[in-house]
Structure formats: C-alpha cells, structure tokens
1. Among (1) surrounded by fewer than 17 Cβ atoms within 10 Å (Cβ to Cβ); (2) out of contact with any helix residue (DSSP H, G or I) (no Cβ under 7 Å at 6 or more places or on another chain); (3) touching a residue at least 12 places away in the same chain (Cβ under 8 Å), there is one condition residue 134 misses while meeting the rest; what is its number?
2. Could you tell me whether residue 26 is loosely packed, with under 14 Cβ neighbours inside 10 Å, more than 15 Å from the chain's Cα centre (by Cα) and not assigned by TED's automatic domain parsing to the domain that holds residue 140?
3. Among the residues of segment 126-161, write down those that are polar (S, T, N, Q), over 17 Å from residue 116 (Cα atoms) and in a helix (DSSP H, G or I).
4. Going through 124, 114 one at a time, which residue ends up being among the hydroxyl-bearing types (Ser, Thr, Tyr) and over 12 Å from the mean Cα position of the chain (by Cα)?
Amino acid sequence: MPKQIPCLWFDGQAEQAAQHYTSIFPNSSIAEVTRYGPDMPPPMKEGHVLTVSFTLDGQEYVGLNGGPQFSFSEAISFQIMCADQEEADHYWDRLTDGGEESMCGWLKDRFGVSWQVVPVELLSLTNDPDPGRAQRATQAMLQMRRIDIEEIKRAADGVTA
C-alpha cells in the first residue's frame, strides 16, 4: 500500500502547529521547512513558511500555509489511542490548551484541528459481550467531554454515585 501522509491546510500557522504538536507527542520532530520564493502568488510573501514536514510518534504529516480559503472541520479528526487514563489526560490537557472541548472525547485544538482522545479500555467497555453493560458504558461516555474510564466502569457495572 502506498504511504499516506496527511496534509493539513493552515492560514499561516503551519510551523507553530508543528512545533506545538511535536512538543506533545513522543518520538516527534520537524523534518523540513520550505519557504515561499520570490514572485509567488498570495497569500504569503517571500520567505514566509510554505510547508512544514513533521512526524508525530512515527506518523508523517505536512502542514501547508495555503491561506484563508479553507478551514478545518469535525468531518476529519485524528484519533489518539491511549494506553490508560494518565496518557489520555496528557493529550486532552495539552490539546485543549487554547482550544475547545467537545463531546465523547473529541476536541478542537488551538489551530482548529479535531482530535479524539480515546483510552483503549473504552472500546472494550462499550463493546462488552454483555449488552446491558455495553449500553451503560456507552450512555456514560455520551454524557462526557473528557473520557473518564473509572466513571465509565462504574456505570457499566451499574454502580451509581
């Protein structure tokens, strides 16, 4: 299968976004920054950043400063599958800083990019072989912004506060 590299369209913030993301994810780095040359069409001027190639924990991305024509929407999001609550909280806290919380583990970061912060245990709880347990876990998750695994476990087990 050919390599797939997401390209994120920014309005002048590609380098700042890459710096922010590489400070959050382990094993991450900025590989290359290209700049607008002379006589390039708007929106940027000569010397401004055109693209930033970066890697987040092994996944390659490109940030493109393409201008204000397009913006991010929730129609595309990146899932972060987290080993545990501590890891999920790390990503949630860092990505919502300057951004906004949404429902069910979704958020928009300060650049408008949508992310889903998912502790992997959530999937086993919402797909439990016991349909009642799975339903209670799903209902608890639907009431949350940041996912709280312990609270979902209590709900799945029918424990009320």
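The values are calculated or read from the model by the stated rules, or taken from the named source; none is laboratory data. A quick note: this is a predicted structure, and the numbers were derived from the prediction, not measured. Virtual Cβ from ideal backbone geometry, glycine too; neighbours counted across all protein chains shown.
1. (2)
2. No, not satisfied.
3. Within segment 126-161, 135, 139 meet the criteria.
4. Just one listed residue meets the conditions, 124.
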